[in-house]
Each structure stands twice: as C-alpha cells, then as structure tokens.
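To start, the structure itself, in structure tokens.
The values are calculated or read from the model by the stated rules, or taken from the named source; none is laboratory data. Predicted model, so just to flag it, every value in this text is computed and none were measured. FYI the Cβ positions are ideal-geometry reconstructions off the backbone, even for glycines, and counts take in every protein chain you see. Only protein heavy atoms, including side chains, enter the accessible area calculation; ligands, DNA and RNA are left aside. Shrake-Rupley method; radii C 1.70, N 1.55, O 1.52, S 1.80 Å.
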Amino acid sequence: MKPCSGQPEQGFAIPHKPFRFQPDIQRSIMIPALMPNYKRADLAFEQGEGVWLTATNGRRYLDFGAGIAVTSLGHAHPKLVKTIAEQAAKVMHVSNLYRIPQAEKLAELLVQNTFADSVLFCNSGAEANEGMVKMIRRAQFENGHPERTNILCFDGAFHGRTLAMISATGNPAYQKGFGPVVEGFDHAPFNNTNTLRDAITPHTAGIVVEPVQGESGIKPATREFMEGLRAVCDEFGLYLGFDEVQTGVGRTGKLFAHEWYGVRPDVISVAKGIGGGFPLGAVLATEELARHLTPGSHGTTFGGNPLACAAGVTVLEEILSPGFLEHVRSVGDAFGKMLEDVVSRSEGVFDNVRGIGLMRGLHCVPPVADVMQAVLNQELLTVSAGDNVLRLVPPLVVTEAECREACERLVKAAHSLKTPTTQENAS
C-alpha cells in the first residue's frame, strides 16, 4: 500500500473545498419545487366528507371528479378511514418476500366475484396495464409462440403514461419529446368490426381495449364490437384484455364494465377506485395466463402491501354489499336523464350526453376548458376529457339529490357562458 502523500493520484481530482448548499445565496432558478407537469387550479382542499370537499378558503365544493374516478366510497368514509388507521398502526409494508394475508383476502374476494382465477397486485393503472401486456406476451411465449409479441390497441385509447403505455395509447400528444415509441403495439379503429381481422398479423399476441374509453371523451364500446373481439381472439388463438382501470369496481353499475356485454376476458387491469383513494392496482387473469408468471418473472416492491390491500378489502366489501351496485345503477340512470335535461336548458353550451352508470360526459360547444372554469365557479368539481367533453364521475355513494344539485350548478355555469349559438339567437 502506498503511503499517503497528501496529493491526489493522477486522474483523480479532489475539490479544494467540499461543496455545501447555501440556501441564503439567491438563485436565478424560477421553476417551482413541484415540477410543472400538471396544470393545477389555484385551489387546495383540507377536508372532505362524502361527495363534498372543503377548500382552504372555507368554500365547499360538490365533487363530481372524485380524484379522476378514484374516491369510490367518497371522502372520509368511516369504514375505510378506520381500516387504514388500524392497519397503519400494525404494519404498512413488509415486501412480497413474505405472505401478506390482506392481499390473500382481497385476491380471494376478486376471484370469487369475477371471471379470474388469480390476481397480481401493483400500485397504479399504468403498472397494471404493463403487467397485463407482459402476461399476454409471456403466455404466448410459453405456449410455443415467441413470435407473438404485438398487442392490438385502438384509436382513442388511453392506457397510461409509462413509455410502453404511451405507445399503447398511440396518441402523438402523449409521445412528443420522449423519443422512439416502444415497439409491439398496433392500432385499429375503435368500434369497427370491419377492420378488425385485417389488423391481426402473425405477430399479434392479444388485444387490449377499454370497454368505455374515458380520456378520449366517454365513448362506450358497442356490443357488436366487444363480441367481435372475443370471436377474433378465439379464432386466432389470441388473448383478450380489458383495461378496466377507470370503468371497474362499480363505476358503471356492474362490478366490471365488461359484464354489461356478456363477454368474458382472459385478463383485465384494475386501479383507481379499487383502493378508494389509496394507491392500488391489480391484474386479474385466468389460470391460462396467470400460471406463466413464475417466481422471478415479474415483481413490484410496494404492490399488494398490507395497508393497500386492507383498504382494498374494505372498498370491495362495501361495493359487493347488498344494494350497493343497485344504488349505482339507479342513481346512474337517473343522473343520465337529469343530464339530458341539462342539455336542453344549457342554451347551446352542451349538445349531448354520453356514458353509463356514474361515468358520464357532456359534450361541450365552447372549449371545455372554459366550461370547466365556469363550472368550478359554481363550486362543482369536474374533469375534462378528449373530444371537448366535460367528464362527471362522482363517488359511487352519491345520491339523486346530490346529482340534481350538480345539474343545477351545470345549468347556472352554462348560462354564465356566451357561445356563438346563444349570441346568434339573441340577435
């Protein structure tokens, strides 16, 4: 060993003084501490109850956005709050190196009430969709078809923000600036059975579709299209996957939206409402696919941890309790009729209603951003969607009276706007 001479060896520089951050030095950096990738309203909330949120300015808002279809049981649901508090006081995370009884219980509940034979837990919708795609590819590989790697998706889809999922989505607006798209995703027209077979190639492994396209403007699939997807998959030996991240867990009045069509999938992705506000995602699959995810083939550090799955159990037990889904269907049907009335009273601001259950959209004539601001001024929270649509996805516990109140606020917001149609009528 060389004796230390006090001088640096060649090629290794030692700074004269150690760097120390000095907060008192004025910096010219103008970016906020939170990265600017969200266009946030200047509004913050400090408390919620049911379908209501109280802002830091003291004003109460009727929440028909539900954290983008996430807070399925509403805010501060007593059972969910109790579950999370009690579980957090015991153990929140242990990793998937060990058994997790809460995950086992939630998986059993899902298997007992769906087509699925097995469940994989993760943290988000994009991660669930990634898991679904990997599962489809892996099953084709293990079944002797390594050439089958491509997933057929559809125009207008939205499957998440990871590099692979923006490629699956296929919208250039989400891909701009992120380099080459990930290979292996093909696209065909949504709700078009005539072009379906032409989109299948020898490299196609499976099909992934949303039963109701949410981000692109609340566009439900037709029964003919969904049945056609199943028929094509059976004919060509492909796997059928449904992205139920937004449509699942009671949002449309069934536990999962594909039940409305009577079409059985091979695999589905789930997130958003399953945790009631706590981050949780899942992939539900038949044994045919699930058995190929052997140890080491896929994993996640946080997915399926005790706290998330305890929350998921409470959410699912509530949604599966007697009368809950009937309530969603009843209120959802009434809400749809109320929205038709809103269109007729909107003085041309809205021109049609879309959706099913408590997943609704109003097509706007003025720019949706302007409508959304006018609605916010009426202390009603909504979410924008593609195709100039105002999205309305309240907590599933919403009442008809609260839906009527929301509709009155929508009408007031519409009357506060001046559109070309109303100006022409006035003249």
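What the table shows:
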| quantity | calculated |
| --- | --- |
| Summed residue charge, Cβ within 13 Å of P211's Cβ, Lys/Arg positive, Asp/Glu negative | +1 |
| Lys, Arg +1 and Asp, Glu -1 on Cβ, resulting dipole of the chain about Cα centre, debye, nearest 20 | 1220 |
| Relative contact order (percent, whole number), the chain, Cα cutoff 8 Å, 6+ residue spacing | 21 |
| In sequence order, calculated HN-Hα J values of segment 258-273 (Karplus, 6.51, -1.76, 1.60; Hz; x Gly/Pro) | 5, 5, 4, 9, x, 10, 8, x, 9, 7, 9, 9, 9, 6, 6, x |
| For segment 78-320, accessible area per residue (1.4 Å probe, heavy atoms of protein chains only), Å² | 42 |
| Percentage relative contact order, segment 196-318, counting C-alpha pairs under 8 Å, at least six apart | 19 |
| Which of L43, H415, Y239, positive extreme of dipole for the chain (C-beta unit charges) | L43 |
| Residues whose placed amide H lies under 5 Å from that of A205, excluding near-sequence neighbours | T149, N150, I151, L152 |
| Restraint check, K79/K134; K39/K105; K79/K272; K82/K337; K79/K219; K105/K219, Cα-Cα greater than 28 Å | K79/K134; K39/K105; K82/K337; K79/K219; K105/K219 |
| Amide H partners (placed H, <5 Å) of G217, local residues excluded | G386 |
| In Hz, Karplus ³J(HN,Hα) per residue of segment 46-55 (6.51, -1.76, 1.60; θ = phi - 60°; x = Gly, Pro) | 10, 7, x, 7, x, 9, 10, 10, 9, 7 |
| Under 13 Å, Cβ to Cβ, from G303 - net charge with Lys/Arg +1 and Asp/Glu -1 | -2 |
| Size of the chain as Cα extents on the principal axes (Å, biggest first) | 92, 65, 46 |
| Using θ = phi - 60° and Karplus 6.51 cos²θ - 1.76 cosθ + 1.60, couplings along segment 59-66 (whole Hz; Gly, Pro as x) | 7, 9, 10, 7, 8, 10, x, 6 |
| Surrounding net charge for R60, when Lys and Arg each add one and Asp and Glu each subtract one, Cβ distance under 13 Å | -4 |
| Prolate/oblate/rounded label for segment 335-392 (Cα gyration tensor, a/c 1.5) | rounded |
| 5 angstrom amide H check on S72, placed H, neighbours 5+ away | G276, G277 |
| Heavy-atom accessible surface of the chain: percent carbon and sulfur, 1.4 Å | 54 |
| By average C-beta atoms within 10 angstrom, highest first, the peptides 88-97, 34-43, 137-146 | 137-146, 88-97, 34-43 |
| Highest average packing first - 114-124, 307-317, 364-374, Cβ atoms within 10 Å | 307-317, 114-124, 364-374 |
| Computed over segment 78-320: relative contact order in percent, which uses C-alpha pairs under 8 Å that are six or more apart | 31 |
